[in-house]
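Before any comments, here is the structure.
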Amino acid sequence: MAAPALRSAAARARTAALSGGRWLGTSSAAETERERVRVRERGREKEEEGAGWELAAAREYYDCRKSIYGDVTHRALLVDAVGTLVVPAQPTAQVYKSIGEKYGVKYSEDEILMRYRRAYEQPWGGSRLRRASVVDSQYVDDGRPFWQHIVTSSTGCSDAQYFEELYQYFMTEKAWKLCDPDAENVFKALRKAGVKTAVVSNFDTRLRPLLQTLKCDHWFDAVAVSAEVAAEKPNPTIFLKACEFLGVKPEEAVHVGDDRRNDIWGARDAGCDAWLWGSDVHSFKEVAERIGVEVTNNS
């Protein structure tokens, strides 16, 4: 009796399969897809709820700031340089290769980029390379030992003339462009409203002349450069120095930058407010409006 029973069960299974029937615990493709849609919809609902909560919390926070500081919620704006205020006009690897070809650089742009990232992302906390210029180089605070290492590691070329050409190139106007074309108008409006402004950057001493070259140095009341204050973001010291230069308390300042670790965490550790460029804010006009400063075309 067992064999016929098994054959009978198998026959029922084939019949069910052919007729579109399903066994307990199985589901059709249509039902599976409907369930996937329901899961995605629930996920979106949760995301919207989270976003709504964050927006409500942000509004509550800025309402609180307005009750303390008035309509202008911050007395000072701190701004990151590379990635927020300015960006390279051309990809760095492209520049290294185009200038390096006459010096015998053979690596492709992809190879240079890979080697550059590997060299730059090493844990420099225990190294004196970035700070060597402060201690034992005739080029005080200009970061040359560090950048020589980066260039050689990226391209395999240690030619001094090649390095010098690259080093000088990144001090020129053609090497950089502003992230926000309307930035000048916004900074004028901010300063007119009494908001003090400063650049806070992990950079060497080329930053000040570079800002002059780009004709934006007059937008800022102060510049805090890591090579000069002997502290790099995310170390809170550099943010505290910027606030000191501006004569404001950390809690009266907001910092805007594109790096979550260096800019956001660092600024908040110093007691400043902080907004992530490209996420919390996308333009300097948006920054100004969040602070409470209206920007017009003739600001």
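The values are calculated or read from the model by the stated rules, or taken from the named source; none is laboratory data. As the structure is a computational prediction, the values presented were derived from the model and not from experiment. For neighbour counting, all protein chains shown are included, and Cβ atoms are generated from backbone atoms with ideal geometry for every residue, glycine included. Remember, those area values only see protein heavy atoms, side chains included, never the ligands or the DNA or RNA. Shrake-Rupley method; radii C 1.70, N 1.55, O 1.52, S 1.80 Å.
Quick rundown of the values:
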read-out: Whole-Å semi-axes of the ellipsoid equivalent to segment 141-299 (Cα gyration tensor, √5λ, descending); value: 30, 19, 14
read-out: Shape call, segment 174-243: gyration tensor on alpha carbons, a/c limit 1.5; value: oblate
read-out: Share of alpha-carbon pairs per 10 Å distance bin for segment 213-257, given as whole %; value: 25, 55, 20, 0
read-out: By accessible area with a 1.4 Å probe, ligands and nucleic acids excluded, highest first: order of 42, 118; value: 118, 42
read-out: Reduced Cα scattering model of segment 151-213, Debye log10 I(q)/I(0), q = 0.15, 0.17, 0.22, 0.24 Å⁻¹; value: -0.66, -0.77, -1.05, -1.15
read-out: Cα centre as origin, Lys/Arg/Asp/Glu Cβ charges: segment 160-274 dipole, Debye; value: 240 debye
read-out: Peptides 289-297, 228-236 ordered by average Cβ neighbours within 10 Å, highest first; value: 228-236, 289-297
read-out: Accessible area (Å², 1.4 Å probe, nearest 10) - residue 62; value: 30 Å²
read-out: For residue 281, residues with placed amide H under 5 Å, excluding near neighbours; value: 276
